[in-house]
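Coordinate-derived values only; no laboratory data. Just so we're clear, the structure is a prediction, and the values are computed from it rather than from any experiment. Methodologically, a virtual Cβ is constructed for each residue, glycine included, from the backbone with ideal geometry; neighbour enumeration extends over all protein chains shown.
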Amino acid sequence: MWWLYFGATAEQSRAVMSMCEDPGRLARDAYTYLHLPIVAGIIAVAVGDDLLIAEPQQALHGVALAMVLGGPALYLLGECLFHWRMTRSANAKRLAVAALLLLVAPVAGHLNALTVSALVAALLTALALWELQTSGAPPPARAES
C-alpha cells in the first residue's frame, strides 16, 4: 500500500499543486477530506491483520471479512478520489482491483484467513507492479528514519 500511495499520483499531485491557481483549496480537499477513506482503509487493514494473526486457519465472516477485503478496497477508492481531485482523471486500474476485492467476498468466506490475506496481498502487489510498469517511473525512494 505504501508503493501505491507514493507512486505516480504523488508526483502528479506535486506538479498540479505547483501550477494550481488556488492550491489552498485543492490541498484542503485532497489532503484532508479525501484522506479520510484512505486512513479508514488503512485502519481496517490493521484490524484485518490482527484478526489474521489471531486465527489464520479460520474462515472469515461478517465484519472480519469486511476488514480484510473492504479495508484495501476502501483504501483504493480513497486513492481514486484523491487522484480524481488532483488530476481530473480516473484511475481505472485501482477501481478494477477495488471491485475485484469486493467481488471475491462470496468465495472468500469459504477460505481460511491466511489464504484470503495472501490473495489480497497478491492483488495489491500486482497492482503496484502494473502501475510501475505502465508509468515508466522508477519506484519511489523510501525515506530512512
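What's the longest uninterrupted piece of the chain once you rule out the trypsin sites (Lys or Arg not before Pro) that are loop residues per DSSP with at most 13 other Cβ within 10 Å? Within the chain, the longest run free of exposed trypsin sites (Lys or Arg not before Pro) spans 1-87.
Its Cα gyration tensor gives the chain an equivalent ellipsoid, and the semi-axes of that ellipsoid, as √(5λ) in whole Å with the largest first, are 30, 16, 14.
Each of the GluC sites (Glu not before Pro) that DSSP puts in a loop and that has at most 14 other Cβ atoms within 10 Å breaks the chain; the longest unbroken stretch is 22-143.
Springs between Cα atoms under 10 Å define the GNM used for the chain, and in it the highest mean-square fluctuation of L95, L103, L34 occurs at L103. Between region 19-51 and region 70-113, what's the alpha-carbon centroid distance in Å? Each part reduced to its Cα centre gives a spacing of 14 Å.
Within the chain, the selection of entire DSSP H helices by a Cα span of 20 Å or greater along the long axis and an average Kyte-Doolittle value of at least 0.0 returns 35-54, 71-87, 113-135.
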